[in-house]
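Data block below; observations after.
The values are calculated or read from the model by the stated rules, or taken from the named source; none is laboratory data. Remember, it's a predicted structure, so these values are computed and weren't measured experimentally. All Cβ positions, even for glycine, are placed from backbone atoms using ideal geometry, and neighbour counts span all protein chains on display.
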Amino acid sequence: MISKIKLVVPFLLYLLVFDSCVQKEQPNISEQTQIKNVIFLIGDGMGLSQVSSAFYYGDSIPNFKRFNSIGLIKTSSASDVITDSAAGATAFSTGEKTYNGSIGMNIDTIPQKNIIEKVSAFGMKTAVIATSSITHATPASFYAHVKSRELPEEIASCLHQSDLDYFAAGGLKFFTKRKDSINYLKKLEENGFTMQTDSLFQKKPLVKKHKYGFLLAQDGMPKISEGRGPFLRDATLQALKYLSKSDNGCFMLIEGSQID
């Protein structure tokens, strides 16, 4: 089990942070043990209104009460009054505000180094999990640099060269049924990924020195009502077990992509 995990949960403008070593009294920041592992949770379409409703109109106490620290982050678009998932996720992943539709680029379409690229340089293991296609705006902004979210095949072509060690989502057709006829599933395997397209589970435990990819639907994963099952939970638990083997810590992005 990973210890000393920092969990970061953004909801458009909402950022919740807590250290798994929860204390009754908030310690001075300078006295806290340095965080080694980070889990970044994104609930698609969630903002202050949705979270507030859970507190004021819910039948039970929301799990948000478990967080030791609560803060705000501004992810507004540099081009529009209302931000979209691409600009918002790029703000999260790179720290740069950008135009709506941008994947990992600034307002001038210049690629910006994302958090996965930065922590990988320190030897940290990284993962992205989503119930959407892996090419959707939010997960894509953590590994790709493309001028528009409307270019899923171009986004897919970035994945095999990324610094990711583990990913699980849908989106298989953008790798195998492309207009350019290039098989990017094969390119992923050539770049060290053990790929699986039929099941999340493997007969053998995931090995520390290998990279893993799971593309389990042609586009987005099925809805819960369509039989998706506990994919998000199972992929997260599998990734945690795999990432915990890292001596240098880990970073993992998890998106609940279909809740809005």
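Identify, please: which residue in segment 60-106 is among the charged types (D, E, K, R) and assigned to a loop (DSSP other than H, G, I, E, B) and is, among those, nearest to residue 135 (Cα to Cα)? Working first, answer last.
Within segment 60-106, the subset among the charged types (D, E, K, R) is 65-66, 74, 80, 84, 96-97.
Still in the running and assigned to a loop (DSSP other than H, G, I, E, B): 74, 80, 84, 96-97.
Details: 74: 24, 80: 23, 84: 15, 96: 20, 97: 20 Å.
So the residue we want is 84.
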| field | Count of residues meeting criterion [of a type in the set (S, T, N, Q), in contact (Cβ under 8 Å) with a residue 40 or more places away in the chain and part of a helix (DSSP H, G or I)] in segment 123-163 | value | 1
| request: Mind listing whichever residues of segment 48-105 are without any contact (Cβ under 8 Å) to a residue 24 or more places away in the chain, of a type outside the set (Lys, Arg) and touching a helix residue (DSSP H, G or I) at 6+ places or on another chain (Cβ under 6 Å)? | output: 62, 77, 98, 100
| message | Contact list please: Cβ distance under 8 Å, first residue in segment 215-233 and closer than 15 Å to residue 43 by Cα, second residue surrounded by 10 or more Cβ atoms within 10 Å (Cβ to Cβ) and aliphatic (A, V, I, L, M), pairs at least six apart or on different chains. | response | 232/129; 232/254
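Taking the criterion of being modelled with pLDDT under 95, closer than 18 Å to residue 139 by Cβ and surrounded by 14 or more Cβ atoms within 10 Å (Cβ to Cβ), would at least one residue in segment 177-195 satisfy it?
Step one: filter segment 177-195 for residues modelled with pLDDT under 95, giving none.
So far as segment 177-195 goes, no, none of its residues is modelled with pLDDT under 95, closer than 18 Å to residue 139 by Cβ and surrounded by 14 or more Cβ atoms within 10 Å (Cβ to Cβ).
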| said: When the residues of segment 164-200 are narrowed to those that are part of a loop (DSSP other than H, G, I, E, B) and within 20 Å of residue 253 (Cα to Cα), which ends up nearest to the chain's Cα centre (by Cα)? | reply: 164
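Is it true that some residue in segment 79-102 is buried (at least 18 other Cβ atoms within 10 Å of the Cβ), in contact with a His (Cβ under 7 Å, 6 or more places away or on another chain) and at negative phi?
Within segment 79-102, the first condition is being buried (at least 18 other Cβ atoms within 10 Å of the Cβ), and the residues that meet it are 83, 85-94, 96-102.
From what is left, the residues that are in contact with a His (Cβ under 7 Å, 6 or more places away or on another chain) are none.
Checked against the condition, which is being buried (at least 18 other Cβ atoms within 10 Å of the Cβ), in contact with a His (Cβ under 7 Å, 6 or more places away or on another chain) and at negative phi, segment 79-102 yields no hits at all.
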